Amino acid sequence: MALQTQEFKLRRRTPMSGRTLVSPVPDGIKARIETAESHLADAFKGVTTDGSVRTGLYTIQNTGSSTSDIKTAADSFLVSLDPALKADATFEVDSEEWRRWCNIHPYLMRHGAFLDAASSSQRDLAMGLLRESLSPVGFETARNTMKLNEAIREITGSNEEYGEWLYWLSIMGTPSDDQPWGWQIDGHHLIINFFVLGDQVVMTPAFMGSEPVAVDVGKYAGTRVFETEEQAGLALAQSLSVEQKRQMVISEDMPSEVFTTAFRDNFEMKHEGLKYDDLSSNQQSLVMSLIGAYVNRMRSGHAQIKMDEVKSHLSETYIAWMGSVDEDSVFYYRIHSPVILIEFDHQSGIALDSDVPMRQHIHTVVRTPNGNDYGKDLLRQHREQADHSHD
């Protein structure tokens with residue numbers, strides 16, 4: 001349900017800037033920074049089930065799905081920048097800035113070209129990079145999260161905290177047809193890490209969320225996000241037998257956040273819930289459609305490659321649920337295999353006044369477990385092959 005003007009009940013709180021790190025730093029933000037830095041100090045391993053990375057899951061290959069248009073779009077964006085802004089926007093391909101993203105609205109570890117300070121033509125080129133990299137539905141979802149960040153600015157009147165262009169775009173490495181590079185967009189409720197090697201891509205971690213998820217007033221009235229992800233998940237849960245639900249529901253209580261949010265690159269998550277093999281053929285189709293809602297944010301060629309990878313591990317795929325499965329309930333779910341982790345969660349209010357999870361605040365995240373978030377396993381293999389060729 002979309003929010004109407006009369007339904008806006010806002011939480012009373014002290015606003016925090018989404019543009020700059022204020023001084024003195026509030027205790028809550030200071031604690032987040034300290035926690036983040038402690039996690040970032042650990043060498044990247046990736047999401048695992050027990051702390052041990054399962055090897056041999058990812059290989060460098062020719063996919064036949066060209067990335068030349070993505071490179072051209074990145075080059076066009078970089079050419080539009082003056083030297084100072086270009087310096088802000090560019091990093092080494094193995095930069096630690098990949099891991100310094102955060103979905104919250106206050107300014108925290110931001111880096112890259114600040115789109116709110118960019119010209120309209122530079123913003124168009126930045127969005128051109130996203131449009132070339134993502135599928136139409138993926139691009140629409142990304143843009144709609146930005147538009148709803150504008151909607152919450154209108155609702156709250158907090159110009160410092162929220163806005164359509166409070167996002168930072170970074171280019172990692174030099175855009176190339178055969179050498180590794182990538183890009184990252186980072187800001188409130190929208191983080192996409194996009195690694196490119198030849199015609200291969202890795203589009204994780206990808207965090208998308210929104211509060212609210214739909215509005216019927218303001219500049220972007222009619223905008224809605226995550227309806228498919230929400231309803232498809234619920235349809236799957238409601239299709240299950242009593243025994244299947246007993247296996248799938250791992251807790252009646254909701255988590256406060258998706259488990260593999262920012263700064264949890266090395267999170268250990270065991271396989272829990274209901275196995276894919278224990279579903280009927282119709283239920284398995286529902287699972288594949290639900291996975292597709294996330295994977296199909298990628299361009300069709302790359303999405304098909306990822307889906308083929310997912311299909312090769314269906315016997316090791318688990319669906320877990322927290323909360324209720326009623327028609328109007330709030331809930332958390334995840335789909336977890338050796339090569340993909342999808343999380344969906346209804347959240348309590350931050351701007352909107354709700355101390356309990358609600359349908360108007362959603363977080364989603366997609367990860368590539370076992371060391372290939374940010375394309376790191378492919379980058380490792382690329383460098384090893386390059387070293388061997390020198391030998």
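Screening region 74-125 for residues that are assigned to a helix (DSSP H, G or I) and under 19 Å from the mean Cα position of the chain (by Cα) and picking the one that is nearest to Phe194 (Cα to Cα) gives Trp98.
Here Gly138, Gly209 are screened, and the one residue that is in a helix (DSSP H, G or I) and touching a residue at least 24 places away in the same chain (Cβ under 8 Å) is Gly138. The test for being crowded, with 20+ Cβ neighbours inside 10 Å, aliphatic (A, V, I, L, M) and either at pLDDT below 95 or under 22 Å from Pro369 (Cβ atoms) (or both) holds for Ile319.
For region 33-61, filtered to residues that are in contact with an Asp or Glu (Cβ under 9 Å, 6 or more places away or on another chain) and among the acidic types (Asp, Glu), the residue that is nearest to Asp308 (Cα to Cα) is Asp50.
Here Gly218 passes the criteria (1) in a loop (DSSP other than H, G, I, E, B); (2) in the same structural domain as Ser158 (by TED's automatic domain parsing) except the one numbered (2). Only one of the listed residues (Asp355, Asp308) is of a type outside the set (A, V, I, L, M), surrounded by fewer than 23 Cβ atoms within 10 Å (Cβ to Cβ) and not in a loop (DSSP other than H, G, I, E, B). That residue is Asp308.
Please find, within region 358-391, the residue that is modelled with the lowest pLDDT out of those that are assigned to a helix (DSSP H, G or I) and hydrophobic (A, V, I, L, M, F, W, C). Result: Ala386. Candidates in region 320-348 are the residues that are of a type in the set (Val, Ile, Thr) and assigned to a loop (DSSP other than H, G, I, E, B); of these, the one that is farthest from the chain's Cα centre (by Cα) is Val325. All told, Thr174 falls short of being surrounded by fewer than 24 Cβ atoms within 10 Å (Cβ to Cβ) and either on the phi > 0 side of the Ramachandran plot or not in a loop (DSSP other than H, G, I, E, B) (or both).
Every residue, every condition in (1) in contact with a Leu (Cβ under 8 Å, 6 or more places away or on another chain); (2) of a type outside the set (S, T, N, Q), yes or no:
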position	(1), (2)
Asp124	no, yes
Ala142	yes, yes
Ala151	no, yes
Gly173	no, yes
Ser176	no, no
Gln200	yes, no
Thr204	no, no
Val217	yes, yes
Ala221	no, yes
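Leu236 meets each of the listed conditions (1) surrounded by fewer than 20 Cβ atoms within 10 Å (Cβ to Cβ); (2) of a type outside the set (Ser, Thr, Tyr); (3) in a helix (DSSP H, G or I) apart from (1). Every listed requirement among (1) under 21 Å from the mean Cα position of the chain (by Cα); (2) of a type outside the set (S, T, N, Q); (3) assigned to a helix (DSSP H, G or I) is met by Lys245 save one, (1). Checking each residue in region 49-106 for being farther than 30 Å from Gly163 by Cα and buried (at least 19 other Cβ atoms within 10 Å of the Cβ) picks out Tyr58, Thr67. The C-beta contact set for region 229-247 (first residue more than 26 Å from Gly209 (Cβ to Cβ), second residue at pLDDT below 95 and buried (at least 18 other Cβ atoms within 10 Å of the Cβ), distance under 9 angstrom, 6+ apart or interchain) is empty.
Taking every residue in region 90-101 that is closer than 15 Å to Thr261 by Cβ and pairing it with any residue that is not in a helix (DSSP H, G or I), at least 6 positions away or on another chain, the pairs with Cβ-Cβ distances below 6 Å are Arg99/Asp265; Arg100/Met109; Trp101/Asp186; Trp101/Ile191; Trp101/Ala262. Does Arg153 count as modelled with pLDDT of 95 or more and under 23 Å from Ala89 (Cβ atoms)? For Arg153, the condition - modelled with pLDDT of 95 or more and under 23 Å from Ala89 (Cβ atoms) - is not met. Those residues that are out of contact with any Asp or Glu (no Cβ under 9 Å at 6 or more places or on another chain) and farther than 19 Å from Gln184 by Cα, I need them from region 62-85; list them, please. Correct list: Asp82, Pro83. Just the residues that are among the hydrophobic types (A, V, I, L, M, F, W, C) and either more than 30 Å from Ala386 (Cβ to Cβ) or free of Cβ contacts under 8 Å to residues at least 12 places away in the same chain (or both), please, taken from region 179-206. Across region 179-206, the qualifying residue is only Leu190.
Give me the residue from region 34-48 that is under 14 Å from Met109 (Cα atoms) and not hydrophobic (A, V, I, L, M, F, W, C) and, out of that set, nearest to the chain's Cα centre (by Cα). Top of the filtered list is His39.
The values are calculated or read from the model by the stated rules, or taken from the named source; none is laboratory data. Predicted, not measured: the structure shown is a model, and the values here were computed from it. For neighbour counting, all protein chains shown are included, and Cβ atoms are generated from backbone atoms with ideal geometry for every residue, glycine included.
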